[in-house]
């Protein structure tokens, strides 16, 4: 049975207004068009929807029962139209982003700030966690994009389903308290490793670099001593002790505006390795596409 949505709208209008004349006025059609719609719908259903008299239109039992379902269909269409409008309207909607701790701290926050100045009614929800967790959510279509470390991406089972836009690399710096012994120019990596370290739990990239560069057995010498969920906790541990941490250069510059902190450079091997991950078979909406461009632009400016 093929029933046009127009027939259901005419049915609902007559039911509410109890009048073919008033229904025609509301639907901006002629009375004969309303009459034809009701007759056609009754023919398709094989039953009468209204008892008609000269001065009165009364729904039949069938009409009373079916109006609920007709209104469900009309309401569903309305929701569909609203959601479609939001998808194609960059001024509204919601973007779900997954981020590792390093890109979140400066890159993503700067991009969101710039984007929101232009699109203040677009909601942005940020999800944090390990790359495996975030990319699993991306595959499940719970996230629009993920900005995280791409070091071991090709070993993941869902490698072929995801596209990566690699971001420009940025040097990783050591952050320490002001006057810390490691600030001496002759300090070696071995010297630095003699102190406790605090690093974000969800970003194993720096630990892998330490293992690769120093050939250190992490099973024999656990690293780091402190694994925390929030990067800002690492900074507070550094402020009040001999603990060290590492952050990208752009974030290090901001931290070291506080005279309590100092930073030291590492070898060229220590740099970020982040990228924007998206699903190959999913087209980003206009708002997410524009935010993607903001992230790229700001990454280029670092």
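The values are calculated or read from the model by the stated rules, or taken from the named source; none is laboratory data. On a predicted model such as this, the values are computed, not experimentally measured, just so you know. Neighbour counts run over all protein chains shown; Cβ positions are idealised from the backbone, glycine included.
Residues checked against (1) more than 21 Å from residue 282 (Cα to Cα); (2) modelled with pLDDT of 85 or more; (3) in a helix (DSSP H, G or I):
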residue: 115; (1), (2), (3): yes, yes, yes
residue: 124; (1), (2), (3): no, yes, no
residue: 133; (1), (2), (3): no, no, yes
residue: 137; (1), (2), (3): no, yes, yes
residue: 143; (1), (2), (3): no, yes, no
residue: 154; (1), (2), (3): no, no, yes
residue: 157; (1), (2), (3): no, no, no
residue: 168; (1), (2), (3): yes, yes, no
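Applying the criterion of at least 3 residues that are at negative phi and touching a residue at least 60 places away in the same chain (Cβ under 8 Å) to the helices (runs of 4 or more DSSP H) found wholly in the stretch 1-82 leaves 5-17.
Residues are listed down the side, and each one gets a yes or a no for (1) closer than 20 Å to residue 280 by Cα; (2) at pLDDT below 90; (3) buried (at least 16 other Cβ atoms within 10 Å of the Cβ):
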{"position": "148", "(1), (2), (3)": "yes, yes, yes"}
{"position": "161", "(1), (2), (3)": "yes, yes, no"}
{"position": "198", "(1), (2), (3)": "no, no, yes"}
{"position": "204", "(1), (2), (3)": "no, yes, yes"}
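Counting residues in the stretch 66-85 that are more than 47 Å from the chain's Cα centre (by Cα) and at pLDDT 90 or above gives zero.
Taken over the stretch 255-296, the residue count meeting the criterion of being surrounded by 13 or more Cβ atoms within 10 Å (Cβ to Cβ) and in a helix (DSSP H, G or I) is 11. Does residue 180 satisfy the criteria of being surrounded by 13 or more Cβ atoms within 10 Å (Cβ to Cβ), out of contact with any strand residue (DSSP E or B) (no Cβ under 6 Å at 6 or more places or on another chain) and modelled with pLDDT of 90 or more? Yes; evaluated as a whole, the condition is true for this residue.
Consider residue 244 carefully, then state whether it is at pLDDT 90 or above, over 19 Å from residue 151 (Cα atoms) and in the same structural domain as residue 149 (by TED's automatic domain parsing). So residue 244 fails the test.
Among residues of the stretch 93-105 that are closer than 14 Å to residue 149 by Cβ, those with a beta-carbon under 6 Å from a residue that is assigned to a helix (DSSP H, G or I) and at pLDDT below 85 at least six positions away or on a different chain give the pairs 101/231; 105/231.
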